[in-house]
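Nothing in this text is a laboratory measurement; each read-out follows from the coordinates by a stated rule. Owing to the predicted nature of the structure, the values given are computational and were not obtained by experimental measurement.
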Amino acid sequence: MAGGNTVNRYSWLIGALAAGVLACADLDRAALAQESPAKPEESKTASARLVSSGWNVGCQPAGGAGELLCEASQVVALQESRQALLTVFVTPWAETGDRDAFLLRFQLPHGLDLPAGVQLAVDGKSVPSPVIQTSSQIGVFARATLTETLLATLKKGTTLTVEFSAMNGNKLSVPVTLNGFSAVFAKLTQP
């Protein structure tokens, strides 16, 4: 049964979608609390306890005999539910045909204020922001070219902070550990 296999194959994506819905629901509850006249005004910054998978490398067959396409990723999830809030990927940029060209990609939850975009900082210092590319049933996707300067900054850094806003105005600031990033990137560039 093809439909059943598709659901199993994409169950992690369904989990990511659920995380986005949960995150937006939490943000909406916070917004309702702010609108209630019985409660004092609260901060527009949402906070939650987060957990990270750390950096991992995954590979899959890519066309030629024995050829593999590998990417590094890290998932940041809500601690209570373990639902993914943000996934960061480092992938080869196949469109260029250059083995040394990489993209920094982000899978974000639904309910973002798209015109506000996504901002990045490494150890508190701003770095070039990714461009939102598209959205689908599983979330919003953004990407940035992994330039030599950005790569060097990530290798030296300890925390990449990904900031974005929900449609209700709540701001999210998601820390992504850079511990192990250099070693994982080295694996991606091995022949």
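Pull out the extension gain between residue 51 and residue 155, defined as 0.36 nm times the separation in residues minus the alpha carbon to alpha carbon distance; nm, one decimal. So the chain would gain 35.3 nm between residue 51 and residue 155.
When only C-alpha pairs under 8 Å and at least 6 residues apart count, what is the relative contact order of region 130-177, in percent?
So the answer I get is 23 percent.
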